[in-house]
1. For Ser241, Ser62, what ranking results if the residue with the fewest other Cβ atoms within 10 Å of its Cβ goes first?
2. Where Lys and Arg each count +1 and Asp and Glu each count -1, what net charge lies around Gly343 among other residues with Cβ under 12 Å from its Cβ?
3. Could you work out how much longer the chain between Asp204 and Ala350 gets when fully extended? Use 0.36 nm per residue separation minus the Cα distance between them, nm to one decimal.
4. Count of lysine pairs in the stretch 258-467 with Cα atoms under 23 Å apart, counting only pairs 8 or more residues apart in sequence or on different chains?
5. Based on Cβ point charges of +1 for Lys and Arg and -1 for Asp and Glu, what charge dipole magnitude is obtained for the stretch 258-467 about its Cα centre, in debye rounded to the nearest 20?
6. Restricting to DSSP loop positions (anything but H, G, I, E, B) with no more than 14 other Cβ atoms inside 10 Å of their own Cβ, which chymotrypsin sites (Phe, Trp or Tyr not before Pro) remain in the stretch 316-407?
7. R0 = 41 Å: FRET efficiency of Cys448 with Glu373, Cβ-based, nearest 0.05?
8. Between Ser254 and Glu275, what is the FRET efficiency for a Förster distance of 60 Å, r being their Cβ-Cβ separation, to the nearest 0.05?
Amino acid sequence: MFLPSGFIGPLSARVRGLFIKHTKTGNPLVDSVAEHQATPPTVYWQYYHFVALAGPIGFCSSFFQTMTDARIFILTYSLVGGYFSLKMIRLVLLLSPGACVLAGIFVTTAIQVTIEAYSTPLEPEEQPDDAKAPPRPPPKGAAAGASGARGGKGAPAPARPGATTNKAARARGGRGEEERLRQQQAEQTPSLTDDFDEMRQIWDENVELRRSCGSGVLLFSAVLIAFRFLPHCWYLAEHLSEPQIMVRGRSNTSETIIIDDFREAYWWLRDNTPEDARVMAWWDYGYQINGVGNRTTIADGNTWNHEHIALLGKCLTSRENISHPITRHLADYVLIWTTRHAGMYADDLAKSPHMARIGASVYGDRIGCDSSEFYMSRDGTPSDCMRESILWRMHGWGFDESIEPLEFFEEAYTTEHKMVRIYKVLDVSQESKEWRAAKGVECASEECYPPALAPALALKQRFKSPVSLLSRSSAPS
């Protein structure tokens, strides 16, 4: 009702990823982001450690305590935060406040139980004889027998009124006896509440059990915190505080070395390229190229234009004769990550199937094959579609003898550990470069491509997500 009226916009692909599988949002650009993946269980132990154990116990123990508004809020917040943290790895941080509070509830409860247990004496104090309970009265049958004896030996008992009964009275008495037996049997049948009450009574009466459990839990927690949790916190703090563009590794002699190929590549751009040089790279590295290398990049993490990212994906995953006619109007250099040469496989080749799908979502003519045919097998063998791409050839040229030299791209720099490679674009269109420079900030608010790219842009089809199709079909005619 509200969507066609425009009061509420359609859900974005990122929001839909919170309720469906992250690879089924219908937007290949959103599906390609690693932070949108579901959270593996190991992540909770890595970032929460002791809290991952104490939090769930504190959550359960909260239901056995007095419910207040604050307690209801923290329980609700933890449930919601836990759900969203499971759906998307970048949202693990949402659970942190609730998890820490619940872990504190667990520790506080353990301390309170232990203090109360040691404050309770093991044996109750003996009461004096005068304070003992009065004798119980004799049963009614005994009293009647005594009165009969006082009446004389063998004296007949006095007649009770209404001793004579009829059949109807006996029948009513039989039905009452059956109801009484059924009620007694129902009372004797154990229920979950009765079991819980019995366990609670055993817990309250057994002081030694409470002391042992409380002391054991506190001792285990203290040992875990002192010998595992605190060292883990120091290790994780050092790991997170290290520069993200530098990697700590070990040499063949087991010596610690710093691998700074990324910084090395960005500084090479800064020191060896013109100030107005434009660098084409996948959008993941846009901020680093701009901030560390001080050079203009084609896309970065703030590029929201899906069709622009698709054009970038088309340039990187197409054949050379298709990529160069577009790239020469956009960039002076092409930078790719080739970290698998150093044993790290999360490089541009690993991301290239996503690039192909994003490019094909707008440019169906990408390289003449379906995006599903652009892949690499588990043993590292590329498909025929990937083998023809400019990205594969840039990645392996000079290292793989089967790859022929490039015609329109020239190797400019390769870092020490072969983790980053930079290629210079040959035959750059100066006319398109000057046209773009003259536009200046005008291109900040609109799609701005040199006129020479009009034939290539005419082949694109505007990307339509499932939500946009739904909202359009539901709009009033």
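Since every read-out is calculated from the coordinates, none of them should be taken as a lab result. Everything quoted here is computed from the prediction, not taken from an experiment. We place every Cβ from the backbone using ideal geometry, glycine too, and count neighbours over all the protein chains shown.
1. On the way: Ser241 7, Ser62 20.
Ascending Cβ contact count within 10 Å gives the list Ser241, Ser62.
2. Values: positive: Arg250, Arg340, Lys418; negative: Asp347.
Once positives and negatives cancel, what remains is +2.
3. On the way: separation 146, 0.36 × 146 = 52.56 nm, distance 5.99 nm.
Separation in residues times 0.36 nm, less the Cα-Cα distance, equals 46.6 nm.
4. Summing the qualifying lysine pairs gives 11.
5. Here the stretch 258-467 has a charge dipole of around 560 debye.
6. Filter output for the stretch 316-407: Tyr345, Tyr375, Phe399.
7. Efficiency at R0 = 41 Å is approximately 0.80.
8. Working: r = 43 Å, r/R0 = 0.71.
Step by step, r from the Cβ atoms, then E = 0.90.
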